[in-house]
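Only the coordinates and a few stated rules stand behind these numbers; no lab work does. Values in this document were obtained by computation on a predicted structure and should not be read as measured data. Positions of Cβ are backbone-derived with ideal geometry, glycine not excepted, and every protein chain shown enters the neighbour counts.
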Amino acid sequence: MLEFEQPLWEQGCPYIAGIDEVGRGCLFGDVVAAAVILPEGLVLEGINDSKKLSEKKREELYSVIIDHAVAWAVSRVDAATVDEINIKQAARLA
């Protein structure tokens, strides 16, 4: 855990955003992405890949993440934009 974050913290980078998106596997529809910055060294058990969690566990972790987050954001790119710029670019935009 924190194998990527720890070296960056040691180099003086205090703010590291973890990101995840949903919608890239869909043939049609929006792309939604989230980014969260947690305090240095904080380990929240069960947080790795939201797609591998049950809906109940995601809901439980949502409150924990929001309570501890230094910053967080959620973005959505609509299906029409996905069609215009392609799914890869839409995920990057989100």
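Select from segment 12-94 those chymotrypsin sites (Phe, Trp or Tyr not before Pro) which occupy a DSSP coil region and have at most 10 other Cβ atoms within 10 Å, ordered by residue number.
When the chymotrypsin sites (Phe, Trp or Tyr not before Pro) of segment 12-94 are filtered for loop state and at most 10 Cβ neighbours within 10 Å, 28 remain.
Enumerate the calculated ³J(HN,Hα) couplings along segment 27-33 in order (Karplus 6.51 cos²θ - 1.76 cosθ + 1.60, θ = phi - 60°), each rounded to whole Hz, writing x wherever the residue is Gly or Pro.
Computed from phi, the couplings for segment 27-33 are 6, 10, x, 6, 10, 10, 10 Hz.
Check cross-link reach from residue 51 to the aspartates and glutamates: straight Cα distance under 15 Å, and skip same-chain residues fewer than eight apart.
In chain and number order, the partners are 20, 21, 59, 60.
For the chain, which span is the longest to avoid every loop-located (per DSSP) member of GluC sites (Glu not before Pro) having at most 13 other Cβ atoms inside 10 Å?
Longest run free of exposed loop sites: 46-94.
Just add up the charged neighbours of residue 34: K/R +1, D/E -1, any other residue whose Cβ is under 9 Å from the Cβ of residue 34.
Net charge in that neighbourhood comes out at -2.
Among 32, 82, 22, whose Cα projects farthest towards the positive end of the dipole of the chain, with charges put on the beta-carbon of Lys, Arg (+1) and Asp, Glu (-1)?
The residue sitting farthest along the positive end of the dipole is 82.
Quick one: 3J(HN,Hα) in Hz for segment 55-68, Karplus 6.51/-1.76/1.60 with θ = phi - 60°, rounded, Gly and Pro as x.
Calculated HN-Hα couplings, in order: 4, 4, 5, 4, 4, 4, 6, 3, 4, 5, 4, 4, 5, 9 Hz.
Quick check: convex hull of the Cα atoms in the chain, volume per residue, rounded to a whole Å³?
Once divided by residue count, the hull of the chain is 108 Å³.
Rounded to whole Å and sorted largest first, what semi-axes of the equivalent ellipsoid does the C-alpha gyration tensor of segment 41-86 yield via the square root of 5 times each eigenvalue?
Working from the Cα gyration tensor, I get semi-axes of 27, 14, 10 Å.
Roughly how many debye, to the nearest 20, is the charge dipole of the chain about its Cα centre, given +1 on each Lys and Arg Cβ, -1 on each Asp and Glu Cβ, and no other charges?
In total the dipole reaches around 240 debye.
How about residue 57: which aspartates and glutamates have a C-alpha closer than 13 Å to its C-alpha, ignoring those fewer than 8 places off in the same chain?
Excluding near neighbours in sequence, the set is 45, 49.
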